[in-house]
Structures are given as structure tokens and as C-alpha cells.
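Let me begin by presenting the structure, written as C-alpha cells, before commenting on it.
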Amino acid sequence: MSPAMDEKIEPIYQSVIARNPGETEFHQAVKEVLETLGPVLVKNPEFAHYKIIERICEPERQIIFRVPWVDTHGKVQINRGFRVEFNSALGPYKGGLRFHPSVYLGIVKFLGFEQIFKNALTGLPIGGGKGGSDFDPKGKTDGDIMRFCQSFMTELYRHIGEHTDVPAGDIGVGGREIGFMFGMYKRITNQWEAGVLTGKGLNWGGSLVRTEATGYGATFFVDEMLKVRKDSFDGKTCVVSGSGNVAIYTIEKIHQLGGKVVACSDSAGYIYDANGIDLALVQQIKEVERRRISAYADERKSAKYVAGGNIWEVPCQVAMPSATQNEINGKDAATLVKNGCIAVGEGANMPTTPEGVKVFLEAGIAYGPGKAANAGGVATSALEMQQNACRDSWDFEYTENRLQKIMENIHRDCYNTAEEYGAPGNYVVGANIAGFIKVSRAMLAMGVV
Ligand code: NDP
């Protein structure tokens, strides 16, 4: 279980709430980390002296901007753009862009805050940041998407750069959007600066395995947790929420490792296929035709579609939430445990509410929090930056091996840190403390900046 918040840290948390009113997701992400840091201050009093926690909770820079554009019907549209450059102690700010109508400063800050520790855990030289817009890509034409991306980049370009801030994709931002944004950046700056964005196309600076990386990485992380318990994916029934980038490649890797995924979803409902999800069909529907997941049940008679249903009621041994934040509440977590779930790996960011996390930790199941389990995406983005820096491109097998090694190292680091701090098997404690210490040591070395 997470220890209660230390009395020296509680006022810092209260000050975060007071200084950032209404940003509930940000408060939640900060609380989850701060609750685990008490023992770190006991071992490292210099962190308190130099106000490392207070500094980490305050973004280095927050940018909010207007994004005006003209839609297919000639109507003027106005969205809001965000980039929060949270922490650059370990490298240039790095983190994705999210396009979704729910995006506001509190979501961008929760994601940026988590990103600091996640990026530190990869062991690669990347700081933490995040951005996005309240733009809703659903139902938009390619032309709408392009004009929006171009307008978004017309402001963002002045804040980013390969040594400054390197955005990537997230919800609603994939290869198509990165392409439109890269094109506009190149036009404005007159520079072919590959390292300014990651998730690029394979024939113009992208890296093999980047598309698959978050899903593959999360699955490798769960595989490591299972190995500790002398177990494996072989023969396991699995449920993966979402049907976007992370979900698709989680399903692929689980199938490669011998598990069977029987359900996946989108925001309107879930599909259940007792024969195992046919990934090629999901990819055709989601990646090629950009349709809803309900179309799967029209094409596959073994499947049923449950409109508005709760995917966590589908019995499984391994659950991999890969859609969005707070998608598993305390009740869902209890249902999963009751139905025999032994491992949860978070492909999404903060998909489990604090009540849900408590249920998993108390039940003693293997629970891999997002900031560790889904770090494979950003790690492979950093590998894309390495290839860009030396104008090279690596083959699939080599890149996937690098990703797998990185996930093994992250797992080991979290596991050992949890043991060292008296919470064996608690990957929440392990990930938070291991990530925090890496960033804090760098910040200490650089003085008060
Ligand atoms: P995509 O846009 O490719 O897919 C998102 C999926 O989640 C879709 O199926 C979408 O359904 C569903 N979803 C989104 N919002 C909601 C919601 N509010 N309620 C229910 N379902 C929802 O995004 P990604 O796969 O890239 O991202 C998924 C998660 O993984 C996010 O939490 C993201 O932050 C995290 N992540 C992504 C990384 C990456 O490399 N892409 C890296 C690390 C973490 P619908 O189409 O109906 O909206």
C-alpha cells in the first residue's frame, strides 16, 4: 500500500492545489507521487533543503495559444493549444501532443508531470513535457486535420527544437498529424530538422518500432512482472481497453507471447470475441478505414458488441488499460480481482483511480503503473532522436531488442527500488522513487535554476 503523505510533504501538496485551482487530474498525479516520497527525504535531506519537490511541481514554462483555422465548409474555427515544458534537468522537454475535446491545462499538466519521471526511468537523456489541444479530430476530413495541424504549428514552432522541446503523438495524434506538423515546421523554419518531432514516417526520419513501441513495451513490462512470479503470458486470457495505437500493438505482442486477448473497446462500447481478437480486422477498421470498433461485430460473427458496456466486467487474468485516464475505478478494480485478474499493466496514462490502485495493491496482484509500464513509447522516441542525430536508421530486430532491454531495465530498477524502500513488489513506490531520484540528482547538480 502507498504510505500516507509525509508531514513535511503535505504542505507542499496543499500549495500545489492552491496554486493550480481546478486542475483535478494534475492534483491527482502529484498526490500519487508525493505520497511515496517521505522515505526519500529521510535518506536525502538535501532534496528538502534545495526545495526539489516544490521546484519539480512547478513547470519551467507553460504556453497557451489560440489556434484559428478554416474548416471544409469555409467556417472559422477556434481552438486552444497548449505546451507545458515541465522539466529539462535530464534533456530537452519530451512528451506527446493530445488532440481531444477534453484537453485543458489540468490534463496537459498531469501528463507532463508524469512524463518527467517516466522519461527519467528510461535512462535516456530526455526531460518532461506535454501538449495538445481541445480540437476534436473525430469526423473531420483530412483537409480539416491538415489545416488545424498547420495552424497549431504556426505558433508551436517558436517554442520547440531538437535541443529544446521534442513533441510526439498521443491520443488523437498519430503519423498523419505528425506529418502535417513536420511539414509546417519545415516550411516556417526552412530547416529539415528531423529531431524536432518523433513518430515520423519511416521514409522521412521515423524509426522502426516507434509505432509499436508503447504497446510492445507495456507487454514486455507485464511479462517481466509475470516472470518474477514464475509465470508468463502463455495461455492467459487478456483484456485490452481502447483500440488506438497503444491497444493495437499491445494486442499484437500479447498474441506473440502466447496470450489471448478477448476484448477491446472505444469510447462508445466494447467488443468481445471468445476466439481471440482478430488484430488484422481491428487494424483495417481503425487504422485504414477510421471507423468505430462496433464494425468488428458486423464483420465477425463470433463477436458481440456491447454498446456503452464496461469492459472490465469481462473476466480475464491480465488487464491492460490502454485508452485514457481514470478508466478503472475502485469498483472495476474489485471486479477484475474477483474475476481472477493477476496482473495489470497500464498502457494508458493514469488509467486507474487512486481507489482502484489501492484495490490492486491490497490484493497483491502484479500492478505496473503507467509511468513505468508505458515508457517504451517515449524510450523509442529517444531512439528515433539518436538515429536522427547520426542520420542513421536501424533495423526492426535491433530496435525492438533495444526496447525490450530498456523495459527490462525499467522493471528491474522499479523492483529493486521498491525493495530498498521497504515496499517489495510495489511498482508504484519503485517507479516514483527511482524516477524522482534521477531527476533530483541532476537538479541538485545544476544549482537553483
Ligand atoms: P489513440 O488516439 O490512438 O487511441 C485512443 C483510444 O482510447 C481510442 O480507442 C479511443 O476511443 C479511446 N479513448 C480515448 N479517450 C477515451 C475516453 N475518454 N473514454 C473512453 N475511451 C477513450 O491514442 P493512444 O493509443 O496513443 O493513447 C492511449 C493512451 O496511451 C493514452 O492514455 C495515452 O496518453 C497513452 N500513451 C500513449 C503513448 C503513445 O506512444 N501513443 C505513449 C504512452 C502513453 P475513441 O476513438 O472512441 O475516442
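The values are calculated or read from the model by the stated rules, or taken from the named source; none is laboratory data. All figures in this text were calculated on a predicted structure; none of them were measured in a lab. Please note: Cβ atoms are built from the backbone with ideal geometry, for glycine as well, and neighbour counts cover all protein chains shown. Side chains included, ligands, DNA and RNA excluded: accessible areas come from the protein's heavy atoms. Shrake-Rupley method; radii C 1.70, N 1.55, O 1.52, S 1.80 Å.
Checking the conditions here, which among E85, E58 is modelled with pLDDT of 95 or more, open to solvent by 20 Å² or more (accessible area, probe 1.4 Å) and either out of contact with any strand residue (DSSP E or B) (no Cβ under 6 Å at 6 or more places or on another chain) or closer than 25 Å to T324 by Cα (or both)?
Criteria check complete, one pass: E58.
Let's see how each residue does on (1) open to solvent by less than 10 Å² (accessible area, probe 1.4 Å); (2) of a type outside the set (D, E, K, R):
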{"site": "G215", "(1), (2)": "yes, yes"}
{"site": "D273", "(1), (2)": "yes, no"}
{"site": "L279", "(1), (2)": "no, yes"}
{"site": "R291", "(1), (2)": "no, no"}
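In this structure, does A168 turn out to be over 20 Å from the mean Cα position of the chain (by Cα) and within 23 Å of C390 (Cβ to Cβ)?
The answer is no for A168.
Only residues in segment 206-227 that are touching a residue at least 12 places away in the same chain (Cβ under 8 Å) and under 9 Å from T380 (Cβ atoms) count as the first member; pair them with residues that are part of a helix (DSSP H, G or I) and among the charged types (D, E, K, R), Cβ under 6 angstrom, at least 6 apart or cross-chain, and list the lot.
Listed by first residue and then by second, the contacts come to S207/E384; V209/E400; R210/E384; Y216/K253.
Here are K140, K200: which of them is touching a Phe, Trp or Tyr at 6+ places or on another chain (Cβ under 8 Å) and open to solvent by 40 Å² or more (accessible area, probe 1.4 Å)?
Details: K200 fails: open to solvent by 40 Å² or more (accessible area, probe 1.4 Å).
Every option except K140 fails the conditions.
With the structure loaded, tell me whether M350 is open to solvent by 50 Å² or more (accessible area, probe 1.4 Å), within 16 Å of G128 (Cβ to Cβ) and aliphatic (A, V, I, L, M) or whether it fails that test.
Spelling it out, it is not the case that M350 is open to solvent by 50 Å² or more (accessible area, probe 1.4 Å), within 16 Å of G128 (Cβ to Cβ) and aliphatic (A, V, I, L, M).
Can you find, within segment 102-136, the residue that is farthest from F148 (Cα to Cα) among those that are away from the ligand (no atom under 11 Å from the Cβ) and hydroxyl-bearing (S, T, Y)?
Filtering first and then ranking leaves T122.
Name the pairs: first residue in segment 159-174 and without any contact (Cβ under 8 Å) to a residue 24 or more places away in the chain, second residue open to solvent by less than 10 Å² (accessible area, probe 1.4 Å) and within 7 Å of the ligand (Cβ to nearest atom), Cβ to Cβ under 9 Å, at least 6 apart or on different chains?
Hits for this filter: zero, empty list.
Go through segment 162-192 and count every residue that is surrounded by fewer than 17 Cβ atoms within 10 Å (Cβ to Cβ) and away from the ligand (no atom under 13 Å from the Cβ).
Final tally of qualifying residues: 10.
Return the only residue of R147, R210 being within 13 Å of the ligand (Cβ to nearest atom) and among the charged types (D, E, K, R).
Exactly one residue qualifies, and that residue is R210.
Within segment 230-275, track down each residue that is farther than 16 Å from A348 by Cβ, within 14 Å of the ligand (Cβ to nearest atom) and hydrophobic (A, V, I, L, M, F, W, C).
Across segment 230-275, the qualifying residues are A268, I271.
Of everything in segment 286-331, what is in a helix (DSSP H, G or I) and within 11 Å of the ligand (Cβ to nearest atom)? Give them in sequence order.
K286, E287, I311
Might you check whether a residue that is touching a His at 6+ places or on another chain (Cβ under 8 Å), more than 18 Å from Q62 (Cβ to Cβ), of a type in the set (D, E, K, R) and not in a helix (DSSP H, G or I) occurs anywhere in segment 157-164?
No - not one qualifying residue is present in segment 157-164.
Looking at segment 120-137, which of its residues are surrounded by fewer than 24 Cβ atoms within 10 Å (Cβ to Cβ) and of a type in the set (G, A, S)?
G123
Kindly evaluate G205 against the criterion of being away from the ligand (no atom under 15 Å from the Cβ), modelled with pLDDT of 95 or more, open to solvent by less than 50 Å² (accessible area, probe 1.4 Å) and at positive phi.
In short, yes.
Among the residues of segment 214-233, which ones are part of a loop (DSSP other than H, G, I, E, B) and either in contact with a Leu (Cβ under 7 Å, 6 or more places away or on another chain) or not acidic (D, E) (or both)?
Scanning segment 214-233 gives R229, K230, S232, F233.
Look at R147 and say whether it is touching a residue at least 40 places away in the same chain (Cβ under 8 Å), of a type in the set (K, R) and open to solvent by 10 Å² or more (accessible area, probe 1.4 Å). Walk me through how you get there before you give the answer.
Values: touching a residue at least 40 places away in the same chain (Cβ under 8 Å): yes; of a type in the set (K, R): yes; open to solvent by 10 Å² or more (accessible area, probe 1.4 Å): yes.
Taking the combined requirement at face value, the residue satisfies it.
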